[in-house]
Amino acid sequence: MLENFSTDELKRQFNNNKTLRLVSYVAGGILVIFVGYLVYYQFVFTPKDKKSEDAYWYGLNLAAKDSTDLAIDELTAQVKKYDGYKGGENAQFVLGRQYMEKGDFKKALEVLKDVKVKDTYLSAMALGLQGDCLSEMKNYKEAATKYKEAAKVSDNEWTSPMYLFKAGLCAEELQDFDASLKLYKEIQDKYTTFANNKSIDKYIARVSNLKE
């Protein structure tokens, strides 16, 4: 009897309380979305993501054999099939590089802009290649911006000084010698191995003279 009364009372309160109904509907909707996402991720996304990891290897092998046009055709197909998955994004990175090999820097830039990867080195390199494309197109201002973005993705002794150096060269092309000097000195102070390998002192001396 008490159980029936409690159930009836709960129904009455639910029907009469708009706030309670709204909260219940929202909570129920969120739960449905969350469960749906878990099911999708576990049974749809994860298996396809795993499968995509092997998808671009054939295109990569073609690229390694300098079969650029065949590699572009193969990689384009894999990018369309696995866009948004790990293998598809890796394929897109390699595809952009192949367009660069052909000298089609505008198309390469378009492809590389859409690359979204979790790996920090690959992410830095995707930005760096965009900088290379812009530099080849003589758009040195935007190229320098991309290089500096790439340098910040993962602070390390390899990609960071390399892209700061390229940004410095772009600044020189723009005759912004203050900016190039600042970048070269940052390399000298923070990345001694790279600085020594590139004889960065010579670049610092050069732009210092050009400033005068």
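Since every read-out is calculated from the coordinates, none of them should be taken as a lab result. The structure displayed is predicted, hence computed values, not measured ones. We place every Cβ from the backbone using ideal geometry, glycine too, and count neighbours over all the protein chains shown.
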In segment 143-212, the trypsin sites (Lys or Arg not before Pro) that sit in a DSSP loop and have at most 15 other Cβ atoms within 10 Å of their own Cβ are none
How big is D, in µm² s⁻¹, for segment 72-212 by Stokes-Einstein at 4 °C and 1.567 mPa s if Rh is the Kirkwood radius over C-alpha pairs? 83 µm²/s
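Using DSSP to define loop residues, name the GluC sites (Glu not before Pro) in segment 109-197 whose beta-carbon has at most 11 other beta-carbon atoms within 10 Å. The partial results should precede the final answer.
On the way: sites: Glu110, Glu136, Glu142, Glu149, Glu157, Glu172, Glu173, Glu186; in loops: Glu157.
Filter output for segment 109-197: empty list.
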Please list, in order along segment 166-178, the HN-Hα scalar couplings obtained from phi with the Karplus expression 6.51 cos²θ - 1.76 cosθ + 1.60 (θ = phi - 60°), rounded to whole Hz, x for Gly and Pro. 5, 4, x, 5, 5, 4, 4, 4, 7, 6, 9, 6, 5
Quick one: 3J(HN,Hα) in Hz for segment 114-129, Karplus 6.51/-1.76/1.60 with θ = phi - 60°, rounded, Gly and Pro as x. 8, 6, 10, 10, 7, 5, 5, 5, 5, 5, 5, 5, 5, 5, x, 5
